[in-house]
Structure formats: C-alpha cells, structure tokens
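Notes to accompany the following structure.
The values are calculated or read from the model by the stated rules, or taken from the named source; none is laboratory data. A quick note: this is a predicted structure, and the numbers were derived from the prediction, not measured. Virtual Cβ from ideal backbone geometry, glycine too; neighbours counted across all protein chains shown.
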Amino acid sequence: MGRWAEPQLVTAAIGGDDAGVEALLVAIWPGCFRLAASLLGDWNLAQDAAQDVCVLVHRKVRRLRSVGAFDAWLYRIVVRECSRVRRASRRREIELYDEHFPVDAAVTLDVWRALAQLAPELREVTVLFYFDDLSGEQIAAALRVRHATVRTRLARARHRLRELLGDYDDHRRFDALEASPHAV
Amino acid sequence: MQSDFAPNARGARAAIPVPAFPAQRIRSRAQRATARSRARILALAGALVLAGAGVRAGVAAKVFDGVRVWLSGGEAAVAVDSFTIASFPTASQLRATVARATFRVVLPTGLPSGARILRIAYAPSNRPTVMMVQYADEVSGLAAGFVLVATSTLGHGTPSIPGAAPEWLPTRRWTVGDETVLAPPAFAARGAARIEAAMHATTPAQSLAENDRRTWRLTVLGGRVDVASRAERLAANDHAVLLDRAHLRWIPDLLKQGRPMPDGRDVELTHIPSLHGEPDYAHATLKFTHTTALSLPGLKAVQAVMRASHTTSACRCEILVERPSGARYRVITIPFSPRRPVATSDVSVPSFVVRTVR
C-alpha cells in the first residue's frame, strides 16, 4: 500500500478519466491537509495549500509514468505548495498552531508548541522525519536540497527540540542516523 | 518526562480535524488553472534561454530592473529581476530589440547556415543592456544560446547587490566593440573560435542582416523547429499561423468561450520570485501582448478539418493555417516525420465545409 492511497486508485487516476482522479483526490485529501497543517501551523493556510495540491494533482497526475513515483511526487508538491503559501502570507500575523491543533489525550508532549518555535526549514525536516517517517534521501528529494543539508537541519532541529521539550527520548532513531551517514 | 517524539507527533497530527473535501471548488479551479498553466509554460522558456547560454541565474532584491551579469576569472554569475522574451521572433521584432539596445549590438555570426533563432530575451524592456539569443539547427543539432551584455554594465568580483547570490559557472566569453559575449562552455572550442572571429570581422548592421535570415516570417506559436522550417516552405505568404499540439489542445476551450487564439509569443516577466535561491519563473508576473494570432473563424476552420480527418491534438503533427481569401481558409496538417505526406484542406467560411485539396 502506498503512503497516500491504494496503488489501484493511483493506477486508475493515471490511466483513467476525471472520476478516477477525483477518487484519488478524496483519498489523499486528509493526508495532504494534515501534512500541510503540520508544516504551516495554520488551519486556513493549510486548506489553501491542500486545495492547491489537489488542483495540481488533478491537472498533472495523468502525466506520471509509474504508480511507484506517486508518493515522492506528492510529497514534493505538498512541500512546495506549503512553501509558496507561507511566502505569500508572510505579511499576515499568524498565531501558529492555535486551537485547531488539539493535543490527543494519549500524547504527553506539547508537539505543536515545540514546532512553533522552529524556523520553517527546521520544521519541514522535523515534520517529514518524525511525523511521516521519511528517510533522509526521501526528505532531500521532497525539499530539493542535498542529503547533507537534511542531516544538518535535522541535527539543528533535534538540538532545538531538546531545549524546548527537555529530556524527550529519541536516542534510538537518531543514534542510528549518526552511526551510518547514509541511513537518513 | 520520558517519551518518544515521533509517536507523540503522529498522535498529535491524527487529532487535527480535517475539513470536508471541496470537490466542486477543486474541479473548477483545475479547469481555470489549465488555461493559466499555458502562460506559465511560456514563461519557463525564459529559463531555457539562459540555460542555453550555460548560465544559471540567481535572484536579486528589487534594486535593479532586468538582468545583471558579473565576471570573475573564467566564470560568470547572472541575477535576474525581469526580462522580456520573444519566441520564434520575426525580423521586425529582432530589429526593434536591437534598435532599442543601449549598446551597439553585434549579433552572433558564423553559425551554421541552417541555424534559426528560437528565442530572444532582453532586459530591461525599454532600453536593453542585456540581450540573449538562442539558436537551434535541425541539421547540425545545434542548440546554443549567447548572452550579449553592454560591457559598461558588467560587474566584476562578488555581486554587490543585496540579496543577490547567483551561482558562479564557467563560461566562454569575448568582447566585440562595447559588447561582451558569453557563450556556453559546452560549445566546441573550434566552433566558439569561429563565431568569435566572425563577430570581430562583421559590423552591427551586417550581423543584423545575417540574423534576419534566421528569424521567422510566419506566426509560429510554438512547437518543433524542423516542422516550423517546413511550414515556412509550404506557406504561400507571411500571413500564416502554425499551431503546435499544445495550441491544438486549447482550441475546444477557446471555442467554448468564444475567444480567438491569442498570440503568446512575447511575454514580459517581472517580479521574478526566488525558490531555493533560484528564479521561480512559474510564479513571476507575466504580461502578454494583447494581440490575436488566429480569429474565431480560423479556429473553427481548424476544428472542422481535425474532425473531418479524425485528427486529435495528440497527433504527431502541427497545423498551418492560412486565409487565401475572405471566404476560405487553407489548413495544412504537417506530420513530424518529413517522410509522411502533408494533408491540405480548404474550408469555406461561414459554412465551414471541408474540401480535401490533395
């Protein structure tokens, strides 16, 4: 199963008609919206970005050559559209991660407060690495930066998160990252 | 507090309420965006002109209009804020651009005889200090761009403009009169030396006359250079329009809206934003000339021929449209392969009855 939607849905959209594309959009909408919300920290901006993503997918998904390329392609689009929406809204006062971002009862960390304190480029790698469990190479491809840049940003984000959240335990995943330079 | 950040993060995200999927809104926006994307595709041609010259532009803060070039050693750096681009330019467009330039323009000469000008770009629009010319040759396979800069406007060393951090790339360059020429480093040394020698031996007027022959006499809205060259040989006069597949795809939408085909060859790009330090041409502000390339009856004539011959916009062909008289259009379907025959039809106006000529 793909990260975003069942491969059959993607196949139907690539080779099919508008109905196939719309079925795919319905499937990816929650994931797109939540990723955009996590990256942008604003519910309304996330709606704008997720809609823009869906419009792009609607127009371009038929040009994809393989179903396997869909996940990485969609990550790139979501990240790029979020960057664009953030730039366009630079002058607006935004309260990051407001009441639209509830904390689940089972969650013991104030994740949103920590994300709000991170610079956008650190927030991007944090969200893609921790929330979406992407590898360093996948993050580099989504952000169109070098692999080494992802590693540097992740290290900076981790340092900052330690300051913000105290003694959260994330050694296992990060130790593996540092032990193998290509593991990210 | 001992916890793992990742599961906490995922749990927090799963709790974000998701709004209903706005199906209708996305559907209508997708339709509108398709039309807009055509304009963006044309704008991207701007990047190709620079790329053809082997330079990659950066973006500078809005403290100058146009394109700035810096030199250091064997490398050049380019920053862009705005420029105008003309695809498949006509001789009059080329002459008008050269006449407005702030320097005595010596255009590249000594290129293969079959080389045609694919695009010209210049900046600033009113008084160009930089001009870029991109050539393509179907026979020799030439695809190269040259950047011509008023030497007096060149910067040396590190760019002193705030926000400008263009990438330095090796380039081949020479000076002719008060102009500096940047040629792509990938260009063969012998070929570059021949062009440099030819440019030294010519005058601005002679170079313009030589390049006149490389411009286009038809209205070529896009597509392949080899097909456009064949279209020129087929056209009875200069008042003909060549439609590539992208423009053929556009026809049903235009007919539905009752609009003619606009002439999108000339585009002015301003306020080019930066994306990861590189110019984001797709989100620049675009200004088109408000001229019509093909009228509504012309579009109807093309559609009538496509229907009659079962030709779709996915065909491996382009379509040339002429109007020999007020009551008749001539529509010539030119296949990509020169071995396949062209199909010529006459369409009477206003009945739009199609008659195959040969």
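When residues of the range B:207-243 are filtered for being in the same structural domain as B:ALA115 (by TED's automatic domain parsing) and more than 20 Å from B:ARG119 (Cα to Cα), how many remain? Of the residues in the range B:207-243, 0 are in the same structural domain as B:ALA115 (by TED's automatic domain parsing) and more than 20 Å from B:ARG119 (Cα to Cα). Just one of (1) touching a helix residue (DSSP H, G or I) at 6+ places or on another chain (Cβ under 7 Å); (2) in a helix (DSSP H, G or I); (3) of a type in the set (Asp, Glu) fails for B:GLU318. It is (2). For the range B:84-127, residues that are over 13 Å from the mean Cα position of the chain (by Cα), charged (D, E, K, R) and under 22 Å from B:ASP238 (Cβ atoms) total 2. Listed by position, the helices (runs of 4 or more DSSP H) contained in the range A:109-163 that have at least 2 residues being modelled with pLDDT of 90 or more and closer than 21 Å to A:GLU81 by Cβ are A:120-126, A:136-143. Among residues of the range B:73-112 being under 15 Å from B:TRP216 (Cβ atoms) and of a type in the set (Gly, Ala, Ser), the one that is surrounded by the fewest Cβ atoms within 10 Å (Cβ to Cβ) is B:SER92.
On the given criteria, is B:TYR281 assigned by TED's automatic domain parsing to the domain that holds B:ASP238, touching a helix residue (DSSP H, G or I) at 6+ places or on another chain (Cβ under 9 Å) and of a type outside the set (Val, Ile, Thr)? Considered against the rule, which asks whether it is assigned by TED's automatic domain parsing to the domain that holds B:ASP238, touching a helix residue (DSSP H, G or I) at 6+ places or on another chain (Cβ under 9 Å) and of a type outside the set (Val, Ile, Thr), B:TYR281 comes out as no.
Could you list all residues from the range A:62-76 that are under 21 Å from A:ILE139 (Cα atoms) and within 14 Å of chain B (Cβ to nearest Cβ)? Write out each step before concluding.
Of the range A:62-76, the ones under 21 Å from A:ILE139 (Cα atoms) are A:64, A:66-76.
Within the range A:62-76, A:ARG76 is the sole residue that qualifies.
Quick check on my filter: what residues within the range B:253-299 are out of contact with any Ser or Thr (no Cβ under 7 Å at 6 or more places or on another chain), of a type outside the set (A, V, I, L, M, F, W, C), modelled with pLDDT of 85 or more and not in a loop (DSSP other than H, G, I, E, B)? Answer for the range B:253-299, where residues must be out of contact with any Ser or Thr (no Cβ under 7 Å at 6 or more places or on another chain), of a type outside the set (A, V, I, L, M, F, W, C), modelled with pLDDT of 85 or more and not in a loop (DSSP other than H, G, I, E, B): B:THR292, B:PRO297, B:GLY298.
Every residue, every condition in (1) at pLDDT 55 or above; (2) assigned by TED's automatic domain parsing to the domain that holds B:LEU154; (3) assigned to a loop (DSSP other than H, G, I, E, B); (4) surrounded by 21 or more Cβ atoms within 10 Å (Cβ to Cβ), yes or no:
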residue	(1), (2), (3), (4)
B:PRO7	yes, yes, no, no
B:GLY11	yes, yes, no, no
B:PHE21	yes, yes, yes, no
B:SER28	yes, yes, no, no
B:ILE41	no, yes, no, no
B:ASP65	yes, yes, yes, no
B:LEU71	yes, yes, no, no
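For A:GLN47, the criteria (1) polar (S, T, N, Q); (2) within 11 Å of chain B (Cβ to nearest Cβ); (3) without any contact (Cβ under 8 Å) to a residue 12 or more places away in the chain hold in every case but one, which is (3).
Taking the range A:24-50 as the search range and keeping residues that are of a type in the set (S, T, N, Q) and surrounded by fewer than 22 Cβ atoms within 10 Å (Cβ to Cβ), which one is farthest from B:VAL18 (Cα to Cα)? Give the steps one after another, and end with the answer.
Residues of the range A:24-50 of a type in the set (S, T, N, Q): A:38, A:44, A:47.
Still in the list and also surrounded by fewer than 22 Cβ atoms within 10 Å (Cβ to Cβ): A:44, A:47.
On the way: A:ASN44: 11, A:GLN47: 9 Å.
Checked the range A:24-50; the qualifying residue farthest from B:VAL18 (Cα to Cα) is A:ASN44.
Here are the criteria: (1) surrounded by 15 or more Cβ atoms within 10 Å (Cβ to Cβ); (2) in the same structural domain as B:PRO252 (by TED's automatic domain parsing). Tell me which single one B:SER351 does not satisfy. Among (1) surrounded by 15 or more Cβ atoms within 10 Å (Cβ to Cβ); (2) in the same structural domain as B:PRO252 (by TED's automatic domain parsing), B:SER351 violates only (1). The requirement of being at the interface with chain B (Cβ under 10 Å from one of its Cβ atoms) and surrounded by fewer than 16 Cβ atoms within 10 Å (Cβ to Cβ) is satisfied by A:PRO102.
Considering B:ALA293, B:ALA205, B:ALA197, the condition of being touching a strand residue (DSSP E or B) at 6+ places or on another chain (Cβ under 6 Å) and away from chain A (no Cβ under 14 Å) is satisfied by B:ALA293 alone.
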